[in-house]
Each structure stands twice: as C-alpha cells, then as structure tokens.
Amino acid sequence: MAFPLLHKLPSGWHPLWRLFLLLFALFNLSRLVDVQEPLGPNRAVDFRNVYVGAQLLWQGENPYDDELLKAHWKEIAAAEGIPFTTQPGLPVTPLLYPPWALALFGFIAFLPYKIAYLIWYVLIPLLLALAVFWGGSWVMGKKPEGWGWLLDLGLLCLAFKGSVHAWVVGQPSFLAYTLLFGVLYCDKKGKIWTAGLLLGLAAFKPTLAIPFGLLLLAQRRWGTLGIGAAIWLMTEGLVLALQPDILALHSAYGAAAAAFRELVFSPEMDNYPIHYIMTHLTELTVWFEYLHVGGHRFYPWLVVAFLPLVGWIVWNKWKGKTSDQHALLLLILCSFLVNYFSFYDLWVLLPFALLYGRLGKWKMRFSWLLWLPLIVPFHGMLDRLGLPEGLEWLYLLTPGLVLGWLVVYFFPIISNSGVLLKNRRS
C-alpha cells in the first residue's frame, strides 16, 4: 500500500525501481565534482572537436586533416590560455561529423572557446529536459494524466550512465535527440514547417536521423520529409559556399571515418580486442572482430543482412500493422546494430521505457534485465572483479543488449498481435 499515488503514474513503474534510479542519478551527478580532473574546457573533448572543425571549415580549411585540427587547437589554447592534456582528433576523439554539421556549428564556433564551452555546457541539460518532454509525450501517444511520467523519465535519464558522461564531454548528440523527438512531437501537432526544419537540422547526425526519417516515410509525412530535405540541401549549399570543392571535402570526411574504423579494429590497439572504444560500441561488428581477427570486414554483409528486416518494419508500419512507437523503436535498434554508435547514444531509447506498462508480464521482467547494465557501472565492476581468461567477452555486452531488445520487441510484429498496437487501437 506504500506510495499508492505513484502506482497510478502512466509508466507503471514500481516505487522501489524509482528509488533505485534516484540513487544512481545521485551517484552519476556526484561525478561532476571529480577532484582529479575538474570540469573545464579541457574535458569537453567532443564539443572541442566540432568547435575547432567548424572554425577550420568556415576559414576554408580541411577540418578532416588531423594534423591541421590539432595545430589549430593549439593556437586557440595558446590564445586563450587553456591548459590541456589531450588533443582533438585521432586516436581517441576523431572528427566524425559530416561537413554540413560543421557548417551548422558555425553559429557558436566563432565565440571565444571558453565562452562557447560554457554556453554549450549550460545548454545540454536544457536540451535533455526538452528531449525528455518531447520524447516522452510522443511515446505515450496521448496526453497523460498529470506530470508523474516526467519525473519517472527524468530519473531514468539521470540514472543512465551515459547522460552525465556525455554532458561532461560536451557530446553534440543531445542536440540530435532533442531535434528528432521534436520532429515527431511537432509533426503530430500538425506543425509541419517546424517539424521539417528540425528534421533538416537533425541530419547532422545522419545514422540517428535515418530511423526517424524512415518512420516519417512509412507514415506518408511528405510535407515534413520535403521540408527537412530542403533544409538539409540548404546546409549543403552553405558548405559549397564556404568551400567550392565540396566533393573533395566529403571525400576527406569519408576517408577520415574509414581510417578511424580501421584503427578501432586494428590488432595493434592496446588491449585488443577488449579496448575502451570497442567495449562501448553498439554495433555487432565488435563481435565479428572478437571472434575472428579482421572480422570487421564483414560489416557490409551485416548491413545487407539487416536491409530486409528494416524494409519489413517500414512495410508493416506503412500498412498500419504496428504502432508508430513500436516501428521507430525497432528501426533505431537496427541502426544501433549496424552503425557506429557509442553507449551514450542509447539515451535515445530511454523514452520508450514509458511503454513498460503495455508489455506482457514476462517482457516486463526481461525488459528491466536489459536496462540494468545501462544504469549499473557494469564495465567498472568487471574491471574490479578481474575477469579470468575466457570471460572477457562480457566486456562486449552492449551489442548483445541491443540485440536482446530487438528480439523482445520484434515478436509482436511476427505474431501480428502486438500489445502496443492493441493499445493504440483501443
């Protein structure tokens, strides 16, 4: 009988689960006062990349030249008196955003770095809050009673171990999450021009924008898609105005991305294949490489294998055989399994946890087993335990989790009697 009011919240979560989330949210926030490496411009390694890269692009230089990227950062650091222990670019933080993304980030790149960093650092929690509202509202599918679901989803977002980490490093992905859920929220409200504008801007993270675009395609939202495409073309036009040899620029971007993949899956990396980057990737290719040296070269076949599945999901949505939420969740999971994403990108899945109360009993229990490793510092615990030889594969758990979600949520489409679809029709 405890907390009777909380039992009525739309998410259907148990009060003990909320207490668990609260404890881990507080634990994560405590990391903001790291005395060994205090917060500051030097820790915003992901924001620093787009800041320096955007400046180079707007100056007519090649931002994907790793040596030039590092040299320009040194000039900025010297001019503003910024001490640094790391540099942008390879081998750990390469610039992997496309040219049109760097053109967009020009709006902040010509502020002094210390001011731009501070603005970005304050902006991220505001973006997170807006993404929680837009994403949660859209996933719920209807106007919920009260605001308790916001508390639940907010707790889950703070308990998620990637949220604070991404905030500290200034990860631009938070902007993408906000824009993309804003697309769906505004489109549902009939604000087609706003939705299209947000979609075009969100294209700066294309691998995440594609599932949302496919859902809009299956929904026949031609207006939103058309405006989004027009906005993206305008950003490409801006890139062309900045650097007329746009083909060479895109070629340099592709070469830089390919070089980084080769580095990630190189046996010359320390602790290969259980090194830091691979243990935080979501794509199944890490398992190919773990099982066979050079296995990452099967990546094109992995993409080909998933294309029929993606096509089937879109087709089922086109025919109205599944809900919007269900289709988008499956499309996002497929993208995670075949594209380069780090663990913090799994944040985009968090609003879907509000569907917990619509699942069958066994799926409810299994669903939370899949969530736990994204909240508990799993990799740190494994390090403390000192895994014996033969159990190192546990470090590569993330793709297994994503695959587990795909299996759990794919069954309703197979049986054509999904709980989510029934809920939508009711």
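Within the straight-line cut-off of under 17 Å between alpha carbons, the aspartates and glutamates reachable from LYS188 are ASP324, sequence neighbours fewer than 8 places apart in one chain being disregarded.
If you take every residue apart from THR194 with its C-beta less than 14 Å away from the C-beta of THR194, what net charge results, scoring Lys and Arg +1 and Asp and Glu -1?
My count for the surroundings of THR194 gives +3.
Placing a pseudo-label 7 Å from each Cα along the Cα-to-Cβ vector at ARG384 and SER266 gives an inter-label distance of 3.4 nm. Among the listed pairs LYS114/LYS189; LYS189/LYS319; LYS191/LYS319, those whose Cα-Cα separation exceeds 28 Å are LYS114/LYS189. Look at the dipole of the stretch 39-242 built from charges on Cβ: of PRO112, LEU151, GLN87, the Cα furthest out on the positive end belongs to LEU151.
So if R0 is 35 Å, what FRET efficiency would LEU151 and TRP193 give, r being the distance between their Cβ atoms, rounded to the nearest 0.05?
E(calc), rounded to 0.05, equals 0.60.
The length gained by stretching the chain between LEU111 and ALA259 to full extension, at 0.36 nm per residue less their Cα-Cα distance, is 50.2 nm.
When the Gaussian network model of the chain links Cα atoms closer than 10 Å, the mean-square fluctuations of ALA229, ALA129, ALA305 top out at ALA305. Directionally averaged projected area (the chain, Cα convex hull): 21.5 nm². The stretch 214-289 and the stretch 115-144 have Cα centres separated by 24 Å.
Counting other Cβ atoms within 10 Å, which GluC sites (Glu not before Pro) in the stretch 216-324 have at most 15 and lie in a DSSP loop?
Details: sites: GLU236, GLU262, GLU268, GLU283, GLU289; in loops: GLU268, GLU283.
Answer by residue number: GLU268.
With loop membership from DSSP and a limit of 15 other Cβ atoms within 10 Å, the longest segment of the chain without chymotrypsin sites (Phe, Trp or Tyr not before Pro) is 148-426.
Mean-square fluctuations from a GNM of the chain, with a 10 angstrom spring cutoff on Cα atoms, peak among PRO172, PRO112, PRO373 at PRO112. A viscosity of 1.306 mPa s and a temperature of 10 °C, combined with the Kirkwood radius over Cα pairs in Stokes-Einstein, give a translational diffusion coefficient for the stretch 39-242 of 88 µm²/s. Remark: the stretch 262-267, residue by residue, has Karplus-estimated 3J(HN,Hα) of 4, 5, 4, 9, 8, x Hz, where x stands for each Gly or Pro and the curve is 6.51 cos²θ - 1.76 cosθ + 1.60 at θ = phi - 60°.
Mean residue ellipticity, 222 nm, helices only, the chain: the sum of -39500 (n - 2.57) across DSSP H runs of n ≥ 4, divided by residue count and rounded to 500, is -20500 deg cm²/dmol. If the segment from ALA229 to GLN59 were pulled out straight at 0.36 nm per residue, it would be longer than the present Cα-Cα gap by 58.6 nm.
Computed from the coordinates by the stated procedures, all read-outs in this text should not be read as laboratory data. Owing to the predicted nature of the structure, the values given are computational and were not obtained by experimental measurement. Note that we place each Cβ from the backbone using ideal geometry, even for glycine, and neighbour counts take in every protein chain shown.
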